[in-house]
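What follows is one structure encoded as structure tokens, with my remarks underneath.
The values are calculated or read from the model by the stated rules, or taken from the named source; none is laboratory data. Treat the numbers as computed from the prediction; the structure is a model and nothing was measured. Ideal geometry is used to build each Cβ from the backbone, glycine not excepted, and the neighbour counts take in all protein chains shown.
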Amino acid sequence: MARELPDNQYPDRIISGDVIAIAFRALRERLQSTFSPLRYTHVTIPAKASVGQWKDLTRKAPMVAIGWAAWRPDPDNGESFRGTLSFPVFLLVEHSTPDALYLGRGDMPGAFGMSALATAMLHGFRIRDVGTCRVTQNTATANAEWIPDGMATVMLEVTIPDVALNTATLIEQLDDFLQLGEKWQADGFTAPESVLEVRGEQ
């Protein structure tokens, strides 16, 4: 007899990323509303970007890129996990002169303008069910080997402190989560699905 495990044994909110995914999507939408996709390329940074991938991304300037760095646990964590979410944001601009790279030209901002605008829009940005964003780092990445001549890049670290799983939404799915369904197969015949109680009496 073979036992066939159910397709989904966990609450959808957990396997979809919960607060990490909520924060990531909210930040991405905030950046797209700040830097119009009609003028700026928006990309997601690969989890482990190689130099070659970065060089490919730099061909898409002006560009706004976002990734995920960490969910750092608080030092006084108890039974419930809480920590600081961290998302790197890269702003890439291209101009023909060093002054324009910093100060911009015409209606296209330089590194200073993009940095100031992103900081203003992200610092203090409140994300429902997650928390309030802080820009904790705002630096030039001029020495990075993947930045070609004529371009400037700014890296922002956007953090959201004291973030825990959204337990309110998880509780709504708890009844389903605490019941595991399984199917048995014997001699090519699939038996009706049986439900096992994870807690309480069977």
Which count do you get for residues in segment 47-102 that are closer than 19 Å to residue 137 by Cβ and assigned to a loop (DSSP other than H, G, I, E, B)? 4
Which of the residues that make up segment 38-63 are over 14 Å from the mean Cα position of the chain (by Cα), modelled with pLDDT of 90 or more and either surrounded by 11 or more Cβ atoms within 10 Å (Cβ to Cβ) or of a type in the set (Val, Ile, Thr) (or both)? 40, 41, 62, 63
Of the residues in segment 24-76, how many are free of Cβ contacts under 8 Å to residues at least 12 places away in the same chain and over 30 Å from residue 165 (Cβ atoms)? 8
Just to be sure before I move on: is residue 151 surrounded by 14 or more Cβ atoms within 10 Å (Cβ to Cβ), assigned by TED's automatic domain parsing to the domain that holds residue 26 and more than 23 Å from the chain's Cα centre (by Cα) in the structure I sent? yes
